[in-house]
1. Starting from a label point 7 Å past Cα on the Cβ side, list the distances from B:Glu129 to the same position in the other copies, nm, shortest first.
2. Would you kindly derive the ³J(HN,Hα) couplings of the range A:32-40 from the backbone phi angles with the Karplus curve 6.51 cos²θ - 1.76 cosθ + 1.60 (θ = phi - 60°), listing them in order in whole Hz, with x for Gly and Pro?
3. Given all pairs of different Cα atoms, what value in angstroms does the Kirkwood hydrodynamic radius of the range A:7-193 take?
4. Pick from B:Gly159, B:Gly67, B:Gly34 the residue whose mean-square fluctuation is largest in a GNM of chain B, springs joining Cα atoms under 10 Å.
5. Run through all the Cα pairs of the range B:75-164 and give the fraction in each 10 Å bin from 0, expressed as whole percent.
6. What does the net charge come to around A:Leu181 if you take all other residues with beta carbon closer than 10 Å to its beta carbon, with K and R at +1 and D and E at -1?
7. Can you pick out the pairs among B:Lys128/B:Lys175; B:Lys128/B:Lys198; A:Lys128/A:Lys175; A:Lys128/B:Lys198 whose Cα atoms lie more than 24 Å from each other?
8. Roughly speaking, what is the centre-to-centre gap between the range A:111-165 and the range B:77-94 when only Cα atoms are used, to the nearest Å?
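Computed from the coordinates by the stated procedures, all read-outs in this text should not be read as laboratory data. Just so you know, these numbers come straight off a predicted model, no measurement behind them. Using ideal geometry, Cβ is built from the backbone for each residue, glycine included, and neighbour counts are taken over all protein chains shown.
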2 protein chains.
Amino acid sequence: MDDIIRPGRRHYVVLSHTVPADGDFSLNDLPGSGGRVDVVARCVSSSLLTSNGIRRDTSITVCLSSGARPVSVSVYGSSVRYLNPDERSTAALIRNALVKSSAAEEGLSSPGIYFSHQTLSDVIEHAKEGRECYLLSETGKPAGMLGTPSLVVLGDHTGITVEEELLLERLEFMKVSLSMLSLQSDQCISISNWMMDKAH
Amino acid sequence: MDDIIRPGRRHYVVLSHTVPADGDFSLNDLPGSGGRVDVVARCVSSSLLTSNGIRRDTSITVCLSSGARPVSVSVYGSSVRYLNPDERSTAALIRNALVKSSAAEEGLSSPGIYFSHQTLSDVIEHAKEGRECYLLSETGKPAGMLGTPSLVVLGDHTGITVEEELLLERLEFMKVSLSMLSLQSDQCISISNWMMDKAH
């Protein structure tokens, strides 16, 4: 449980609004029955994987708000196993965590993957400690570089809700934009990682 | 056929060494039976897609060298249809082009997707006209920014072969590295696009 107490120095939080929180979806239809879980799977891969390697200093939490209760799934680069770059196998790991979250308050679903029913506010409060906090947003000010260690929050293909934005404003997140274009979430993570690698 | 004559200003070429050139693979096992076609699918998505949009000025050619004859599959942002961000549906479009290439010299397999049996040398010679030419390589010199319009060549998960590297050297490609880390091909494309968006 060491990785839960000391997550990586670089942490991402992805706000997912459409993935079925009970994990009831088919791996043959990630965009449809999975509610665009392909987006979430790509975010996990982009944040943690390099070519043939894992970013041991990085972690990511996916916060799902589609169900009756919030569910969060955290993947820790320091200890994750069985993580491959393809969407389907990553979606399978996430599905496994979601299915187990239906029957338990919290726990590890597989090595390095932890689920809980914490609220978004609790997840963020816990993760922001000792980190520079960024919210990626098209309406943010242009980001030259990103500081490190950092907590980077971003939305899924639907963006973020007004409530989520208000929460992050209250917690004094810096709202930054990476590009003049509206990019996909996993592309934003690849660029953020690159920026932070450079700063480091 | 307009798009074949005038491909986008920004062009990527991905060198694929393990995807079955006859398209004989299962969409349920892209990494295994598909010979890591998931890598190629992510490259196509990263190069052409933004959030809810297509880069109309960008195109990508995947050059497959696993079969008895070379096969290239080009996807043109200017005219492609049915392109979605998930790996599976993109791999299906590629598979369709590969299957059709077994029975024809060249043609469109679906709108904006063109296959042929051109050699790598021919593909590159054609694409380099009027573009700044880069080879992404871990041993290249650090890239500050990438010029535009450009042709960016990169390898798959296996990198590039000695023969490919010699060809690109002979054609005076600038060998550049994006990061101190070894990144995945699609991550490199996301970062390259971001750099070129910025320069533009």
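1. Label-point distances to the other copies, shortest first: 6.2 nm.
2. Residue by residue, the range A:32-40 yields x, 5, x, x, 6, 5, 4, 4, 5 Hz.
3. Here the Kirkwood hydrodynamic radius works out to 16.2 Å.
4. B:Gly67
5. Taking every Cα pair in the range B:75-164, the percentages come to 13, 34, 41, 11, 0.
6. Once all neighbours under 10 Å are counted, the net charge is -1.
7. In this structure, A:Lys128/B:Lys198 exceed 24 Å between Cα atoms.
8. The distance from the Cα centre of the range A:111-165 to that of the range B:77-94 comes to 30 Å.
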